[in-house]
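Below: one structure, written as structure tokens.
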Amino acid sequence: MTSNSGSSSVSVFRNNGAGGFTPADGSPFAVGVSPGGVVVGDFDEDRVLDLATANFGSNTTSILINTTILPPPPPPAGTTAVMILRGSNTVAAVMGQYEIYDIGNNAILAAYELAQIGIDWRFSGLGASGGNSTMLLRNANTGGFELYGLSSNNIITASFLGAVGLDWQFAGFGNFASLGQSDMILRNGNTGALQVYDIANNQITNSAALGTVGLDWQVGGFGNFSSRGTSDMIMGNTVSGGLQVYNIDHNQITGTAFLGAVGSDWRVSGVGNFSSMPGESDLIMRNATTGGLQVYNIANNAIAGSAFLGTVGLDWQFADVAPVHGPGTSDLVLRNVISGAFQVYNIANNQITGSASLGQVGLDWQLGGLTANPPAGALGGAGSTSQLVQAMAGFDGAAAGISGAVPPAEDTLQQPLLTTPQHG
């Protein structure tokens, strides 16, 4: 690069790869009168170099900002989870924007712009394929599904899976075909029918009906509840408080077990390995009246233990379960719906062992989900959850206090499954 005093400009040249140089697009660039030198630096901190000149003829300084956009760098060392945020359609400045956050050691380590996508696309969930994370979006008008492959903070693939009627809603990802891949289950909001779609190489390769369950039974999540290494489904009854496990293998329901009933004011929040028993999938339930949090350890299709974690104010809502503290951990993430604060609770051996604020961000950013980085095979096994709710993340929050209140008594009365799935 050269400063051109006579023409009050700066010329920038690029290496043409053949032993010479060619002018950069737009070169020369106008600056103040009689520039005397050029200084290089990243003045706007966007990872690309900018230019500045001292202009002796006009006693001014000119700064030329480099508008080249670099792709985000790979996640920094120590990243164990990634989080996707989506700009709300109610705010013009952020609508359709997606951001990716690298998280580890109970902190946000980095954040980057991920993409700009049409506002008629909504977030469905996060999965895994071929060692990379996947992001599933749904078109709110057509019912079409688009699968995006994510690697090193970038979108590397985009594939249209097809369209399904809007009365079918995404329930979750899991290894339902028993092929080690990330398949999806949809549920019909009118009939309660469940349908599995096998996904391989970014396309739907097969589909199978699992049956129908009454709409008073809601999908709570997916995990290894049978202790066979499969992606099983747990459902909760909104009337009776009953909990039912469905074992899924080779796209079929191969078994079912009633776990018992808790009060109808308890709701399934998430699934993870909270007991620290290898391969176990446990539940966290939340009391809709008191804010109490209760862990249920599940092994061999039965409740093997239970522990009360404490109480959090109801302005703190479940966001996700992810390895925020370190590799393989199942940490509970809550988000304050009033302030936007974002809090992580580390759980091991059925106890809260630590807590940290991840901060807060404006309510115009909605949480798409969190997932392990790198993903540990197909999602939907131990430590996964299908309940992705709107929440936000950021940098300035206050902690949510958990008190050791006494849990309410649990109703362990066995109740029959209201609607038995019909195969075919």
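Taking the stretch 205-229 as the range and being without any contact (Cβ under 8 Å) to a residue 60 or more places away in the chain and in a loop (DSSP other than H, G, I, E, B) as the test, the residues that pass are LEU215, ARG228. Taken residue by residue, the stretch 110-121 has at least one member that is under 27 Å from GLY362 (Cβ atoms), modelled with pLDDT of 95 or more and among the acidic types (Asp, Glu). Only strands (runs of 3 or more DSSP E) whose full extent lies in the stretch 8-57 are considered here, and the ones with at least 3 residues that are within 41 Å of the chain's Cα centre (by Cα) are 50-55. Checked against (1) more than 32 Å from the chain's Cα centre (by Cα); (2) in a loop (DSSP other than H, G, I, E, B); (3) not hydrophobic (A, V, I, L, M, F, W, C), PRO71 passes all but a single condition, namely (1).
Conditions (1) surrounded by 14 or more Cβ atoms within 10 Å (Cβ to Cβ); (2) touching a Pro at 6+ places or on another chain (Cβ under 7 Å); (3) under 30 Å from ILE117 (Cβ atoms); (4) at pLDDT below 90, marked per residue:
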position: ASN59; (1), (2), (3), (4): no, no, no, yes
position: ILE69; (1), (2), (3), (4): no, no, yes, yes
position: PRO73; (1), (2), (3), (4): no, no, yes, yes
position: LEU85; (1), (2), (3), (4): yes, no, yes, no
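Screening GLN317, GLN351 for residues that are out of contact with any Lys or Arg (no Cβ under 7 Å at 6 or more places or on another chain) and assigned by TED's automatic domain parsing to the domain that holds GLY241 leaves exactly one candidate, GLN351. Among the conditions (1) surrounded by 18 or more Cβ atoms within 10 Å (Cβ to Cβ); (2) β-branched (Val, Ile, Thr); (3) free of Cβ contacts under 8 Å to residues at least 24 places away in the same chain, ILE248 misses just one, which is (3).
Please verify whether the stretch 378-391 includes one or more residues that are touching a Leu at 6+ places or on another chain (Cβ under 7 Å), within 25 Å of TYR148 (Cα to Cα), at pLDDT 95 or above and of a type outside the set (Asp, Glu). No, every residue in the stretch 378-391 fails to be touching a Leu at 6+ places or on another chain (Cβ under 7 Å), within 25 Å of TYR148 (Cα to Cα), at pLDDT 95 or above and of a type outside the set (Asp, Glu).
The condition (being of a type in the set (Gly, Ala, Ser) and on the phi > 0 side of the Ramachandran plot) is satisfied by just one residue among GLY17, GLY32, GLY6: GLY17. Looking across the stretch 77-93, the residues that are in a loop (DSSP other than H, G, I, E, B) and under 15 Å from GLY362 (Cα atoms) come down to SER88, ASN89, THR90, VAL91, ALA92, ALA93.
For GLY368, are the conditions met, namely being modelled with pLDDT under 95 and touching a Phe, Trp or Tyr at 6+ places or on another chain (Cβ under 8 Å)? For GLY368, the condition - modelled with pLDDT under 95 and touching a Phe, Trp or Tyr at 6+ places or on another chain (Cβ under 8 Å) - is met.
The values are calculated or read from the model by the stated rules, or taken from the named source; none is laboratory data. The structure displayed is predicted, hence computed values, not measured ones. Positions of Cβ are generated from backbone atoms using ideal geometry, with glycine treated the same way; all protein chains shown enter the neighbour counts.
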